[in-house]
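Bear in mind these aren't lab numbers, they're just calculated from the coordinates by the rules spelled out. Nothing here was measured: the structure is a model prediction, and the numbers come from that model. A quick note on method: Cβ atoms are made from the backbone with ideal geometry, for glycine too, and the neighbour counts reach across all protein chains shown.
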Amino acid sequence: MFPATAHQLAALGERLHLARLRRRYSAESVAVRAGITRVTLARVEKGDVGTSMGAYVAVLRVLGLQSDIDGIAKDDQLGRKLQDLDMSVGRTAPRRSARNFPSAGGSKEGQVAGPGKGA
């Protein structure tokens with residue numbers, strides 16, 4: 001895990017913790033409403049990198065902050081620039097045609113028989 005990522009998650013956890021306290025919600029009530037354990041909630045509020053994204057989303061929902069998720073990766077500026085420059089990467093390699101591979105002396109060795117043709 002990159003240090004910057006760990007720092008971002010720790011800051012998110014702290015913000016969620018403060019949001020819970022401002023609402024005067026107990027850890028137990030948030031955990032129950034989010035469908036997670038108090039231990040998992042404590043991990044979310046610490047920004048634990050091994051905690052599932054689903055746990056973070058569930059806590060955001062309980063705190064009424066679920067709309068904040070809609071902004072994540074919403075405006076993919078780099079991707080749009082690459083798309084505009086037509087720098088897309090093909091999904092598969094180009095197909096090779098049979099004419100690129102000359103047969104040795106016209107023998108049928110190595111050729112696959114088509115449907116209805118005997119080998």
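Numbers below:
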item	result
Residue satisfying all of: in segment 1-42; polar (S, T, N, Q) and assigned to a helix (DSSP H, G or I); nearest to the chain's Cα centre (by Cα) among these	THR5
Matching option when the condition is surrounded by 15 or more Cβ atoms within 10 Å (Cβ to Cβ), of a type in the set (Val, Ile, Thr), out of contact with any strand residue (DSSP E or B) (no Cβ under 9 Å at 6 or more places or on another chain) and more than 20 Å from THR5 (Cβ to Cβ), among VAL32, VAL39, VAL62, VAL44	VAL62
Search result, residues across segment 10-24 that are within 16 Å of THR40 (Cα to Cα) and surrounded by 18 or more Cβ atoms within 10 Å (Cβ to Cβ)	GLY13, LEU16, HIS17, ARG20
Looking only at segment 43-62, and only at residues there that are over 13 Å from ALA31 (Cβ atoms) and assigned to a loop (DSSP other than H, G, I, E, B), the one that is nearest to the chain's Cα centre (by Cα)	SER52
